[in-house]
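The values are calculated or read from the model by the stated rules, or taken from the named source; none is laboratory data. In this text the structure is predicted, and so the values were computed from the model without any measurement. All Cβ positions, even for glycine, are placed from backbone atoms using ideal geometry, and neighbour counts span all protein chains on display. Areas reflect the complete protein model, heavy atoms only, side chains present, ligands, DNA and RNA absent. Shrake-Rupley method; radii C 1.70, N 1.55, O 1.52, S 1.80 Å.
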Amino acid sequence: MKTVKSLGWIVVSVTFQVAVGSVVLGGQVGYKLDKKFGAAGSGDVQFSGPTGIHVDGAGYKPVANPTPGLPPLPGGAIWIVDSGNRRVQKVMVDYTVQTSTVWRTDKKWGSLGTGDGQFNSPFGIALDTTNNVYVSDRIVQRVQKFANDGSFITKWGAFGSKDGAFYEPCGIAVDSTGAIYVADLRNNRVQKFTNAGRFVTAWHVPTPIDIAFDAADNVYIASLSHQIMKFTKDGDFVWAFGKFGSGNGQFYNPSSIAVDKDGNIYVADTLNHRIQKFDSDGNFLIKWGARGTGDAQFNSPQGVAVDNNGQVYVADTGNNRIQIFKTYNLPTVDGRIDLGDLDEEGFEVTAVTTTGVTIKTRTDATGAFTITGAAAADLKTLTLRKKLSAADSARVETEGLAGKVELGAAGVGSAKAVLKNSGLRPVLTAADGTFALGSPARGKRYTVVITKEY
């Protein structure tokens, strides 16, 4: 399959999938790379292994103000744990520049050490409703709380397994009441605290590494046991899914999790070098990414966040950058196969575009299908295939096979129609997409294959 590095887009998968090299597509609403920033280093908007990421509300905004003569629009901040540089960076768009999107570090704090405001291995980050900032430290075994400007407020934690102690605190999240939840990785538990750091409760979770909440304060956990788990805010188990692997809904050390306003779940599937998206019940919707440095490619991503507008932010850890994706609508083209009294449901439809993209879908009960991600003019080949049932095979032996194939508003002319296993010669469809084959008499099951080359 051809790799298309320049597109930088991914698509939600609903009933089918589309593969574009390292990017998997499907559905009618997709994502494309909108912005990216960062490089290896210790300067402003440079990173050394970024991990945790938090986005203010609606996220960043365009550089221009739509009302002439008014100052630039303010934008939301992106808070990033710059782990290898032992610091936090608050990154924003520089709205004094109107000709292009330029990123700047608005605030930064931290250095190597164990003192107040210092870090050794910072990992997770969260903000409460008054914009206080909480940062976990896996090596110093503590959580620190800062004001929005980076000034130190308080800290809690020490190495151990008692209440309020930690053994590699990782992900951190704040619920709607302001309570703080910490993924205590090696103690195999989640701990809950007040916003002043007073221990409230804890419950067992195998190797939890990150935490997120939905609008109802349900708790979602990414676990290094290659699972996603859901609990109530009181720690009552609801469901779990996932196992080790690289298939849909499988994981290899998922390290970060986020939930959007509609309850959809986003997972940084770190060692599979991809992002997976699920609905609120854990059903697979989308995956994108593979190891690489191109657009929509990743190197061990360890942070994912989503803003209120549905933009997805990924801490591309090994590439020392942040990638931002936004939604857009895809081109589509409808088609249909009509085989008279035969069952038209379940035909495998495969379309290959002129750029090498392969799109797969199936026909519904009426024989209709939709190719998403390409227009009719983009197609290089179109194939419909189905093994007929025993009853339909018997009917074909009695009545022969006749039908019609349409794509868009036109018939699919000059397509090759084959009834495999019948001994009949292939025929070409007429200009209006109609075709007719004879009646085999072989007592077998047959497969209908129709192929059009553009």
(request) Please report, ordered by residue number, the strands (runs of 3 or more DSSP E) entirely within the stretch 346-436 with at least 1 residues that are closer than 13 Å to I450 by Cβ. (result) 348-353, 368-372, 379-387, 401-407, 416-420
(message) surrounded by fewer than 17 Cβ atoms within 10 Å (Cβ to Cβ) and under 19 Å from I211 (Cβ atoms): which single residue out of G263, G292, G340 fits that description?
(response) G263
(request) Read through the list (1) out of contact with any helix residue (DSSP H, G or I) (no Cβ under 8 Å at 6 or more places or on another chain); (2) free of Cβ contacts under 8 Å to residues at least 60 places away in the same chain, then give the number of the only condition that Q311 fails. (result) (2)
(request) Of the numbered conditions (1) buried (at least 24 other Cβ atoms within 10 Å of the Cβ); (2) free of Cβ contacts under 8 Å to residues at least 60 places away in the same chain; (3) closer than 26 Å to I180 by Cβ, F237 fails exactly one; give the number of that condition. (result) (1)
(request) Under 8 Å between Cβ atoms, at least 6 apart or on separate chains: pull out the pairs that start in the stretch 161-173 with a residue that is at pLDDT below 95 and end on any residue that is among the basic types (K, R). (result) none
(request) Select the strands (runs of 3 or more DSSP E) contained entirely in the stretch 16-121, then report the ones holding at least 2 residues which are at pLDDT 90 or above. (result) 29-37, 50-55, 78-82, 87-93, 103-109
(message) Can you confirm whether T434 is modelled with pLDDT of 95 or more, of a type in the set (S, T, Y) and open to solvent by 40 Å² or more (accessible area, probe 1.4 Å)?
(response) yes
(request) Please verify whether the stretch 202-214 includes one or more residues that are assigned to a loop (DSSP other than H, G, I, E, B) and under 22 Å from the mean Cα position of the chain (by Cα). (result) yes
(message) Restricting to the stretch 122-133, count the residues that are assigned to a strand (DSSP E or B) and either at pLDDT below 95 or open to solvent by 30 Å² or more (accessible area, probe 1.4 Å) (or both).
(response) 0
(request) Answer with yes or no whether A410 is within 24 Å of T332 (Cβ to Cβ) and either buried (at least 18 other Cβ atoms within 10 Å of the Cβ) or in contact with a helix residue (DSSP H, G or I) (Cβ under 9 Å, 6 or more places away or on another chain) (or both). (result) yes
(request) For the stretch 296-309, name all the residues that are more than 11 Å from the chain's Cα centre (by Cα) and either within 17 Å of V93 (Cα to Cα) or part of a loop (DSSP other than H, G, I, E, B) (or both). (result) Q297, N299, S300, P301, Q302, D307, N308, N309
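Return yes when V396 is free of Cβ contacts under 8 Å to residues at least 60 places away in the same chain, in contact with a Leu (Cβ under 8 Å, 6 or more places away or on another chain) and on the phi < 0 side of the Ramachandran plot and no when it is not.
It is true that V396 is free of Cβ contacts under 8 Å to residues at least 60 places away in the same chain, in contact with a Leu (Cβ under 8 Å, 6 or more places away or on another chain) and on the phi < 0 side of the Ramachandran plot.
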(request) Please specify each residue of the stretch 243-272 satisfying the condition of being out of contact with any helix residue (DSSP H, G or I) (no Cβ under 7 Å at 6 or more places or on another chain) and farther than 20 Å from G124 by Cβ. (result) K243, F244, G245, G247, N248, G249, Q250, K261, D262, G263, N264, N272
